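Below: one structure, written as structure tokens.
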Amino acid sequence: MNWLMAHRVAGIAAANLRRRLDLPEDRYVDVFAALRSCGLMVAGQDMPSLFGMYFPPGPSQHGGIFLNSAMSEATIRHTAAHELGHAELGHGRCLADGPDFTAKPPQQWPDEEKQAEAFAAWFLMPIRAVKTTLTRLGLDIPREAMDVYQLSLHLGTSYRGTLRHVQHLRMVRPEAVRGWAAVQPARLRARLGGQAASRVWDLSGLTEGCRLPVEPGDRLVVRAPWLGADPEFTGPDAIVMLAEPRAVAPGDGVEFDIIGCIESESVLTVRSRDRREVWSVTLMPTPDDHRGLIASARSQLLVGPMSGARR
């Protein structure tokens, strides 16, 4: 099976599941809620060189997946969607590790792995979500590596996974993809003055009102000159305003650091000193099992029908 056929099969399966679960087509998707709705048990544990495993259901047991909790949030989400693809496509037991198929060129991947990888892309990044997010970023298509990086933050996907998908959507030419693939996200963070941040969001008036799946260690760069100098803000305790912004000049915007877990869905509101101008976004809560799955990588965490945990 070639990749074109894998994408056709997986794209249909992903769209069918999204309809079955009544998931919106134009925004970030909670992949762990989808796993729970599908009755799959999920376990996270530090597993060197292993991305994930899928175990099909048996006569007297739940189906389930194992995830390597040492990976980044975006990679964990992608791997979870990949394993969900195995379940939806009716595959048998599958194991994804570095020395196995992932070390091979994509053209040599087993058919089931091609389908599951394509499913992850279509489930997390349906075309409406990609186009809607690009519009919020002031774009019709990605023009540079930074655009793909910002798109990946809003969709909760990996930089390289997002890059591969926009190529498949024919939004970016292959030669551009090859060049952007060589750009490390650390270089993109540095461009925004966030060398020490885990991720850096580049926000503007167009992104006002968005729901942002932020994480501890993130930096928010808000380009909002209409707010003037020394604006005020209200938001959760886990966010602080930088006294000396690095990516914007004084009076051109503000910057924030996420220094802890967002306990509940919260609105970050920035107001000009005269309180006439306002900018705001909604910060999505840090999921309970994110804290266990990543922060305590060596302790196993279960998410699913039996545990009741959420993500």
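Here, each number is a calculation from the coordinates, and none is a lab measurement. Everything quoted here is computed from the prediction, not taken from an experiment. Cβ coordinates were reconstructed from backbone atoms using ideal geometry, including for glycine residues, and neighbour counts include every protein chain displayed.
Observations
- Taken over region 136-162, the residue count meeting the criterion of being assigned to a helix (DSSP H, G or I), touching a residue at least 60 places away in the same chain (Cβ under 8 Å) and more than 19 Å from ALA80 (Cα to Cα) is 1.
- Residue match in region 205-225 (condition: hydroxyl-bearing (Ser, Thr, Tyr), touching a helix residue (DSSP H, G or I) at 6+ places or on another chain (Cβ under 7 Å) and in contact (Cβ under 8 Å) with a residue 60 or more places away in the chain): yes
- Residues that are closer than 23 Å to ARG18 by Cα and of a type in the set (Lys, Arg) are absent from region 180-196.
- Subset of region 245-267 (residues that are part of a strand (DSSP E or B) and surrounded by fewer than 21 Cβ atoms within 10 Å (Cβ to Cβ)): ASP257, SER266, VAL267
- Residue tally, condition farther than 16 Å from GLY156 by Cβ and either among the small types (Gly, Ala, Ser) or surrounded by fewer than 24 Cβ atoms within 10 Å (Cβ to Cβ) (or both), over region 55-88: 17
- Test for HIS165: is it touching a Cys at 6+ places or on another chain (Cβ under 9 Å) and either in a helix (DSSP H, G or I) or among the β-branched types (Val, Ile, Thr) (or both): no
- Count of residues meeting criterion [closer than 14 Å to SER158 by Cα and outside any loop (DSSP other than H, G, I, E, B)] in region 170-186: 4
- Contact map, region 233-246: first residue within 18 Å of ASP202 (Cβ to Cβ), second residue among the acidic types (Asp, Glu) and crowded, with 17+ Cβ neighbours inside 10 Å, Cβ cut-off under 6 Å, separation 6 or more or different chains; pairs are LEU242/GLU255; PRO245/GLU255.
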